[in-house]
2 protein chains.
Amino acid sequence: MSKQELPVIVRDETVQGCCPGLLSAPLDEEQAVVLAKVFKALGDPVRLRLLSMIASRAGGEVCVCDLTPAFDLSQPTISHHLKLLREAGLIASERRGTWVYYRLLPETTDKLAGILTRPAGQPLPTTAGVPA
Amino acid sequence: MSKQELPVIVRDETVQGCCPGLLSAPLDEEQAVVLAKVFKALGDPVRLRLLSMIASRAGGEVCVCDLTPAFDLSQPTISHHLKLLREAGLIASERRGTWVYYRLLPETTDKLAGILTRPAGQPLPTTAGVPA
């Protein structure tokens, strides 16, 4: 293969390309930085409520105009929280006319659920299993 | 039932007693506060690395003396991060002699994985599923 043909390795810096599993092997520093960003986005009650409202909506997407009234917060504050969820790869947005519509990116929550799942065949110790 | 016999309702404020599922129904404010605390504890690269080191250790527990050398951080800083993981219900600790030993509380990571898992029979929209 000539130099010209060498594939360009694009490092996937989203959680999609990250981390074999939090419970199966120590994370390296880069993996930890990528994953921490997503968990940090989830580490706020308003953002969790926004995400659950978006994820559980029949039809799959929600107008920002339907999210804001549920909170005693300004529209810019809600938009800021939505931006952090979007930057973490948890939701996507689309502007149509006056309003922005949000939908879950289930690939990311699937990935997180997998990362938090115990590796097969490796039962972890329970509270009863601590050596004396 | 007399007043004396009324059961005392102890509200479970850990993630164990929380939240039907992030993707199945909107969280209420109290559920969101409980859950956000755990995700916030995970929202830091050092804490994620500590948790993965503890969780993946054969034998199920790790001496703090084996954790600290992996980081370019002081012992008090590492201890602070471990305290936040402990307060979030993600790990437990036990002092034996000079050292403190840490182990994963897999009930909490199991619960988080469940909360992030799509509800059965409700496929969520994918990136291809956005209405035009």
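Checking the table A:Lys83/B:Lys37; B:Lys83/B:Lys111; A:Lys83/B:Lys111; A:Lys37/A:Lys83 against a 18 Å threshold on Cα-Cα, which pairs fail?
A:Lys83/B:Lys37; B:Lys83/B:Lys111; A:Lys83/B:Lys111
Quick one: net charge around B:Cys63, please, counting Lys, Arg +1 and Asp, Glu -1 for every other residue with C-beta under 13 Å from its C-beta.
Every neighbour counted, the sum reads +1.
Taking the Cα centre of each part, how many Å lie between region B:25-76 and region A:44-101?
Region B:25-76 and region A:44-101 have Cα centres spaced 28 Å from each other.
How shielded is A:54-65 by partner chains, expressed as the average number of their Cβ atoms within 10 Å of its Cβ atoms? Before the final figure, lay out the partial values.
Working: counts 2, 11, 11, 2, 1, 2, 7, 4, 0, 0, 0, 0.
Shielding by partners across A:54-65 averages 3.
Residues of region A:35-51 with the amide nitrogen closer than 19 Å to a label point 7 Å from the Cα of B:Val33, along Cα-to-Cβ, please.
Only A:42-51 fall inside the zone, counting backbone N under 19 Å.
Measure off 7 Å from each Cα along the Cα-to-Cβ vector at A:Thr98 and A:Gln16, then give the distance between these two points in nanometres to one decimal.
Simple spin-label model gives 3.4 nm for this pair.
Tabulate in residue order the Karplus-calculated ³J(HN,Hα) for region A:39-51, using 6.51 cos²θ - 1.76 cosθ + 1.60 with θ = phi - 60°, rounded to whole Hz; enter x for Gly and Pro.
Going residue by residue, I get 5, 5, 4, 7, x, 8, x, 5, 5, 5, 5, 4, 4 Hz, with x marking Gly and Pro.
Could you work out the mean count of beta carbons from other protein chains within 10 Å of each residue's beta carbon in A:81-90? Kindly include the intermediate steps, with their values, before the conclusion.
Working: counts 0, 0, 0, 0, 0, 0, 0, 1, 0, 0.
Partner Cβ neighbours, averaged per residue: 0.
Quick note: the coordinates plus some simple rules give every number you see, no bench work behind them. Here the structure is a predicted model, which means the values were calculated and not measured. Don't worry about glycine lacking a Cβ; one is built from the backbone with ideal geometry, like all the others, and counts go over all protein chains shown.
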